[in-house]
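J.: There's a structure below that I have some questions on.
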Amino acid sequence: GENVEQHPSTLSVQEGDSAVIKCTYSDSASNYFPWYKQELGKGPQLIIDIRSNVGEKKDQRIAVTLNKTAKHFSLHITETQPEDSAVYFCAASISGGYQKVTFGIGTKLQVIP
Amino acid sequence: SAVISQKPSRDICQRGTSLTIQCQVDSQVTMMFWYRQQPGQSLTLIATANQGSEATYESGFVIDKFPISRPNLTFSTLTVSNMSPEDSSIYLCSVRRDSKETQYFGPGTRLLVL
């Protein structure tokens, strides 16, 4: 089955700096990669996703990159703000029909004001 | 997106008892999932609940311990039976529309078993 590794497990940055979270996956058939943000006391919220036919996707201060050859994908947050503090999960799955989504272990991001 | 609500939001239970968690979605969805998230951990899939069929359980989870109902396309329940302190966790409902991969999560039910 699919295995998703995520690092770092914790990340502290100064407000205004950038944060990068990296994930690798094992199944070359995986072609859909969502990212979730989980704030304390809440459920995970989808913040951005990317499909394997795209190398990069941006949404305001958030961007995700995908390297299919290396089976790497990364989340980039620019100009970090205290409200970005949360746990971020990467995930991988195969598009179409029912395919189980495999999650990384999560990265706890702390943005220091 | 989908608006998902769960009841209860949190509970404290005695060992040996059972708790039923409800999940309500604001629109019809084909797939509903139940996850467990232990403190500081990632998301572990318990089972998939599709309307009109028996739930499909992941390795390590059994129907006797986690019975699931899915009476219609907007509602599901998960029961945590004969609870022990090891069942203390966050239980999350998640849904996926029939033609899209995107999964949305409910707010979770925080369970503490004493």
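J.: Would you mind getting the Kirkwood hydrodynamic radius of the stretch A:35-81 from its Cα pairs, rounded to one decimal in Å?
T.: Evaluated over the stretch A:35-81, this radius sits at 11.7 Å.
J.: Next question, about the same structure. Average projected area of the Cα convex hull of the stretch A:57-111, in nm²?
T.: 4.9
J.: What percent does the relative contact order of the stretch B:11-82 come to when contacts are Cα pairs within less than 8 Å and at least six residues apart? Please report the intermediate quantities before stating the final value.
T.: Numbers: 123 pairs, mean separation 27.0, N = 72.
Worked out over the stretch B:11-82, it gives 38 percent.
J.: Now for a separate question. Report the calculated FRET efficiency for residue B:20 and residue A:12 (r = Cβ-Cβ distance, R0 = 45 Å), to the nearest 0.05.
T.: FRET efficiency, residue B:20 to residue A:12: 0.65.
J.: Per residue Cα convex hull volume for chain B, in cubic angstrom?
T.: On the way: hull volume 11.0 nm³, N = 114.
Given the Cα convex hull of chain B, per-residue volume reads 97 Å³.
J.: Further question on the same structure: Just to be sure I understand the model, the point goes 7 Å from the Cα along the line to the Cβ. What's the resulting residue A:51 to residue B:44 distance in nm?
T.: If labels sit at residue A:51 and residue B:44, their model points lie 3.3 nm apart.
J.: In the structure shown, do any of A:22/B:65; A:108/B:65; A:57/A:100; A:58/B:7; A:42/B:65 have a Cα-Cα gap over 29 Å, and if so which? Provide the component values of the computation, followed by the final result.
T.: On the way: A:22/B:65 36 Å; A:108/B:65 31 Å; A:57/A:100 23 Å; A:58/B:7 35 Å; A:42/B:65 25 Å.
Listed pairs above 29 Å: A:22/B:65; A:108/B:65; A:58/B:7.
J.: Same structure again: How many percent of the accessible area of chain B is carbon or sulfur, using a 1.4 Å probe?
T.: Carbon and sulfur atoms account for 49 percent of the accessible area of chain B.
J.: For a protection proxy built on the mean count of beta-carbon atoms within 10 angstrom, sort A:7-14, B:23-30 highest first, please.
T.: Working: A:7-14: 13.2, B:23-30: 16.4.
Descending mean neighbour count gives B:23-30, A:7-14.
J.: Can I ask one more? How large is the direction-averaged shadow of the alpha-carbon convex hull of the protein assembly as shown, in nm²?
T.: The number I arrive at for the protein assembly as shown is 12.3 nm².
J.: Can you give the percent of C-alpha pairs in the stretch A:1-106 whose distance is more than 16 Å?
T.: In whole percent, the share of Cα-Cα pairs in the stretch A:1-106 beyond 16 Å is 56.
J.: Estimate the FRET efficiency between residue A:20 and residue B:3 by the formula 1/(1 + (r/R0)^6), using the beta-carbon distance for r and 41 Å for R0, to the nearest 0.05.
T.: Values: r = 32 Å, r/R0 = 0.77.
Efficiency, rounded to the nearest 0.05: 0.85.
J.: How about chain B: what cysteines have no other cysteine beta carbon under 4.7 Å from their own?
T.: Lone cysteines by the Cβ rule: B:13.
J.: Have a look at B:53, B:81, B:89 and tell me which one the Gaussian network model of chain B (Cα, springs below 10 Å) gives the largest fluctuation.
T.: B:53
J.: Here is a further query. Indicate the residues belonging to the stretch B:67-103 that lose 30 Å² or more of solvent-accessible heavy-atom surface (probe 1.4 Å) upon moving from the chain alone to the assembly of all protein chains, ignoring ligands and nucleic acids.
T.: Buried by the other chains: B:96, B:101, B:102, B:103.
J.: Accessible surface of residue B:114 in the full protein assembly, 1.4 angstrom probe, to the nearest 10 Å²?
T.: 100
J.: Sticking with this one: How charged is the neighbourhood of residue A:37? Take every other residue with its Cβ under 13 Å from the Cβ of residue A:37, and add Lys/Arg as +1 and Asp/Glu as -1.
T.: Numbers: positive: A:42, A:61, A:108; negative: A:39, A:49, A:59, A:83, A:84.
Summing Lys/Arg as +1 and Asp/Glu as -1 gives -2.
The values are calculated or read from the model by the stated rules, or taken from the named source; none is laboratory data. It should be emphasised that the depicted structure is a prediction, and the values quoted were computed from it without experimental measurement. With ideal geometry, Cβ positions are generated from the backbone for all residues, glycine too; neighbour counts draw on all protein chains shown. We work out accessible area using only protein heavy atoms, side chains counted, and drop any ligands, DNA or RNA first. Shrake-Rupley method; radii C 1.70, N 1.55, O 1.52, S 1.80 Å.
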